[in-house]
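Participant: Handing you this structure, nothing more for now.
The values are calculated or read from the model by the stated rules, or taken from the named source; none is laboratory data. Just so you know, these numbers come straight off a predicted model, no measurement behind them. Every residue, glycine as well, gets a Cβ built from its backbone with ideal geometry; the counts of neighbours run over all protein chains shown.
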Amino acid sequence: MKKAICLLAPLLLSACGGGGGGAAAPAPVAQQAPAAFVPVSAESCDKNAWPAMAVGDYAITNNLWGKGTISDFTQCISAASVGTVENGKPVQSGVTAKWNWAWPNSDFTVKSYAEILYRPQGQPLSPIPFSGLGALTVRHDVTIDATGDYNLTYDMWVDATKSAGQWPHKAEIMIKLLGTWKDSPVVDTLTVDGVTYDVCVDNSTSRQWIFLSFASQTPMPKATIRVKPFVDYLLAKGYLASTDYLSTIEFGSELVKGSGSATVNAYSVSR
């Protein structure tokens with residue numbers, strides 16, 4: 001019986017009466033691989049469906065909302081997440097992206113809004129009360145090469161309640177960084193962090209929501225922008241209420257006609 005035990009369990013040397021009496025060496029501990037940030041990406045050239053495609057804390061969409069019956073066009077969008085490792089954990093710090101387009105010379109209406117949406121944890125933004133905007137900041141670095149009519153703009157929707165997915169919204173705020181046309185009527189100017197913007201307000205009864213535009217007087221393809229000063233101005237002027245909510249943060253190009261490409265070298269939202 002003892003011999004059988006020795007054959008089945010040769011490490012029990014003391015039971016077999018031979019070999020040193022020391023304990024067996026512990027098994028080596030497997031070394032855990034260091035944390036690394038693994039990028040995720042998405043892309044689409046679909047002309048008929050333009051869902052929001054997740055890229056970590058952001059999403060992209062061609063948003064062909066104004067194409068109507070136009071079919072002889074092309075528009076593609078792609079993006080990849082960017083990140084680092086902080087305290088041993090991968091953390092997304094933003095995205096890089098690109099959209100290119102070719103739209104026919106038809107009427108002067110916006111055909112699409114190729115864009116990046118801010119979606120923390122992969123979910124639609126939980127509406128932010130104006131009282132909680134704090135240090136909300138957007139950063140971008142974009143290179144555009146294009147002909148025709150287009151722009152580069154932030155688009156933020158405002159609602160009177162915290163309920164997500166409302167339509168129509170109460171108001172639309174645009175911060176326009178460059179473009180080939182100007183909004184009207186310009187009712188004022190606002191200077192934020194040394195940059196002067198033309199303020200356009202359209203609250204006519206023909207619209208479903210109030211349109212509020214801040215157009216930079218100088219092109220801003222690369223900038224860091226604090227959102228709160230713009231909201232504070234609108235509150236002071238009585239266009240919005242302190243109890244309102246910021247429902248979305250979007251960034252992209254409104255496209256009217258012509259062709260071109262926009263390369264987003266860096267983009268991020270921080271709070």
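Participant: So is residue 222 touching a residue at least 24 places away in the same chain (Cβ under 8 Å), of a type in the set (D, E, K, R), within 18 Å of residue 250 (Cα to Cα) and exposed (fewer than 14 other Cβ atoms within 10 Å of the Cβ) or not?
Facilitator: yes
Participant: From the set of residues in the stretch 159-179 that are in contact with a Leu (Cβ under 9 Å, 6 or more places away or on another chain) and within 19 Å of residue 116 (Cβ to Cβ), which is surrounded by the most Cβ atoms within 10 Å (Cβ to Cβ)?
Facilitator: 177
Participant: Condition first: over 19 Å from residue 146 (Cα atoms) and free of Cβ contacts under 8 Å to residues at least 24 places away in the same chain. Now tell me which residues in the stretch 69-116 satisfy that.
Facilitator: 69, 86, 87
Participant: Now, a different point. Restricting the search to the stretch 163-196, which residues are of a type in the set (Asp, Glu) and modelled with pLDDT of 95 or more?
Facilitator: Hits for the stretch 163-196 are 172, 188, 193.
Participant: For the condition over 20 Å from the mean Cα position of the chain (by Cα) and in a strand (DSSP E or B), what is the one hit in 102, 97?
Facilitator: Just one listed residue meets the conditions, 102.
Participant: For the stretch 149-163, what are the residues that are outside any loop (DSSP other than H, G, I, E, B) and either under 20 Å from the mean Cα position of the chain (by Cα) or within 26 Å of residue 129 (Cα to Cα) (or both)?
Facilitator: Within the stretch 149-163, 150, 151, 152, 153, 154, 155, 156, 157, 158, 159 meet the criteria.
Participant: Here's something else I'd like to know. Are any of the residues in the stretch 175-196 among the basic types (Lys, Arg), outside any strand (DSSP E or B), within 30 Å of residue 91 (Cα to Cα) and within 23 Å of the chain's Cα centre (by Cα)?
Facilitator: No, that holds for no residue.
Participant: Moving on. When you look at residue 166, is it among the polar types (S, T, N, Q) and closer than 22 Å to residue 132 by Cα, yes or no?
Facilitator: yes
Participant: What do you reckon, is residue 131 exposed (fewer than 15 other Cβ atoms within 10 Å of the Cβ) and part of a loop (DSSP other than H, G, I, E, B)?
Facilitator: The answer is no for residue 131.
Participant: If we scan the stretch 237-249, do we find a residue that is among the small types (Gly, Ala, Ser), part of a strand (DSSP E or B) and in contact with an Asp or Glu (Cβ under 9 Å, 6 or more places away or on another chain)?
Facilitator: There is no residue in the stretch 237-249 that is among the small types (Gly, Ala, Ser), part of a strand (DSSP E or B) and in contact with an Asp or Glu (Cβ under 9 Å, 6 or more places away or on another chain).
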